[in-house]
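Asks: Before I ask anything, here is the structure I am working with.
Values in this text are rule-based calculations from the coordinates and carry no lab data. Since the model is a prediction, treat every value here as computed from it, not as a measurement. Cβ placement follows ideal geometry from the backbone for every residue including glycine, while neighbour counts extend to all protein chains displayed.
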Amino acid sequence: MRRASYHNHTCFSDGADAPEVFLTHAEAAGLSVLGFSDHYYKASPDATEAPEWALQLDAVDRYFETIYELKARSTQIEIKAGLEFDWLDGSATWLAPLAQDARLDYTIGSVHFVGQDSIDLTRYYWERLTVDEINAVVRRYWQTLRDMAASHLFDIAGHLDLYKKFGFYPTADMSDVITEALDAIHDADMAIELNTAGWRKDCKACYPTDDLLIACRKRNIPIVVSSDAHQAHLVAADFNRAYDILFRVGYTELAHFTQRERTLEPLAR
């Protein structure tokens, strides 16, 4: 089985290490495929700058050049060029040009913002909410995720239940909006990820939960395993644990991406 890590953040965005450092750790971890997916955030069509935690808008070409230079040098590991796009309400029109760039092997679409609010930056955001407000944020999160998938711009839906990062959960039934979001992911022919980063957060649980994984498997939604590494030594963190979960919920294949084409390969222990 080819072990692949597609969701990784370098010093081009909010990661701590350069791409070549990730390659060194990926080789040590026995990976066959290493993908880079730094944050791409563009607040509006006319934006000329990005937040400090995202790839700067004038550094996109240098980002691709760096990855392609590493790809040319790498003899043991396949290097893949990706981006994690921050989905904002109405952003499809101005994200589309880069999301369709021929230099990309894959794209990750992620929801970190509900309206104008960042839901994964600090637990204080959640601590100040009432129970009803938490339910409202989570409901709108799933609706935003549905809209992201319906744009048909992305190959992988990132960390499906990211809102649980700080250990805050809805108390109301979200099955209707979850169904709509997962159906939209299926209809867009997207994959999802089992993201191991949640085990390193307050929630102490991978993204997403078993029930969401089972719901995706029943829809034949493909899957990748991701570490969401912001430090190179975490490039394959908890992958064996993740594979065990996938076997338990019934997945038998992993997705791979090259130049926006997806293939499926058997999942093996």
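Asks: Quick one: which residues, 5+ away or cross-chain, put their amide H under 5 Å from the amide H of LEU83? H built at 1.01 Å from N.
Replies: Residues meeting the amide H criterion: TYR106, ILE108.
Asks: In debye, nearest 20, what is the charge dipole magnitude of segment 4-266 about its Cα centre with +1 on Lys and Arg Cβ and -1 on Asp and Glu Cβ, if you could check? Numbers along the way, then the final one.
Replies: Values: 23 positive and 42 negative charges, 115 e Å.
Roughly 560 debye for segment 4-266.
Asks: Hey, if you put +1 on the Cβ of every Lys and Arg and -1 on every Asp and Glu Cβ in the chain, which of THR171, ALA236, GLN56 ends up farthest toward the positive end of that dipole?
Replies: Among THR171, ALA236, GLN56, the one farthest towards the positive end of the dipole of the chain is ALA236.
Asks: Please turn the phi angles of segment 115-123 into ³J(HN,Hα) values with the Karplus equation 6.51 cos²θ - 1.76 cosθ + 1.60 (θ = phi - 60°), one per residue in order, whole Hz, x for glycine and proline.
Replies: After applying 6.51 cos²θ - 1.76 cosθ + 1.60, I find x, 9, 9, 7, 9, 10, 7, 8, 6 Hz.
Asks: Evaluate the Debye formula for segment 4-266 with equal point scatterers sitting on the alpha carbons, no solvent, and hand back log10 of I(q)/I(0) at q = 0.13, 0.16 Å⁻¹, in q order, two decimals.
Replies: Once normalised to I(0) and log-transformed, intensities are -0.80, -1.27.
Asks: Compare the Cα positions of THR122, THR93, ALA81 along the charge dipole of segment 79-125 (+1 at Cβ of Lys, Arg; -1 at Cβ of Asp, Glu; about the Cα centre) and return the one farthest towards the positive end.
Replies: Of the listed residues, the answer is ALA81.
Asks: Still on this model: Residue by residue through segment 130-147, which ³J(HN,Hα) values in whole Hz follow from phi under the Karplus form 6.51 cos²θ - 1.76 cosθ + 1.60 (θ = phi - 60°), with glycine and proline marked x?
Replies: 6, 4, 5, 5, 4, 4, 5, 5, 5, 4, 5, 4, 5, 5, 5, 4, 4, 5
Asks: Then there's this: Distance from the Cα centre of segment 228-243 to that of segment 64-121, in angstrom?
Replies: Cα centroid to Cα centroid, the span is 19 Å.
Asks: On a full-extension model of 0.36 nm per residue, what is the gain between GLN76 and ARG123, subtracting their alpha-carbon distance, rounded to one decimal in nm?
Replies: 12.9 nm
Asks: Starting at the first residue of segment 207-221, write each ³J(HN,Hα) from the Karplus equation 6.51 cos²θ - 1.76 cosθ + 1.60 with θ = phi - 60°, in whole Hz, x for Gly and Pro.
Replies: Along segment 207-221, the couplings run 9, x, 6, 4, 5, 5, 4, 5, 4, 5, 4, 5, 8, 6, 7 Hz.
Asks: Magnitude of the Cβ-charge dipole of segment 115-235, K/R +1 and D/E -1, about the Cα centre, nearest 20 debye?
Replies: With Lys and Arg at +1 and Asp and Glu at -1, about 380 debye.
Asks: Ranked by Cβ crowding within 10 angstrom, fewest neighbours first, how are TRP199, TRP142, TRP126 ordered?
Replies: Placing the least packed residue first, the sequence is TRP199, TRP126, TRP142.
Asks: Is the C-alpha gyration tensor of segment 40-125 telling us rounded, prolate or oblate? Criteria: a/c under 1.5 is rounded; beyond that, a/b larger than b/c is prolate, otherwise oblate.
Replies: Values: a/c = 2.18, a/b = 1.72, b/c = 1.26.
Because a/c hits 1.5 or more and a/b exceeds b/c, segment 40-125 counts as prolate.
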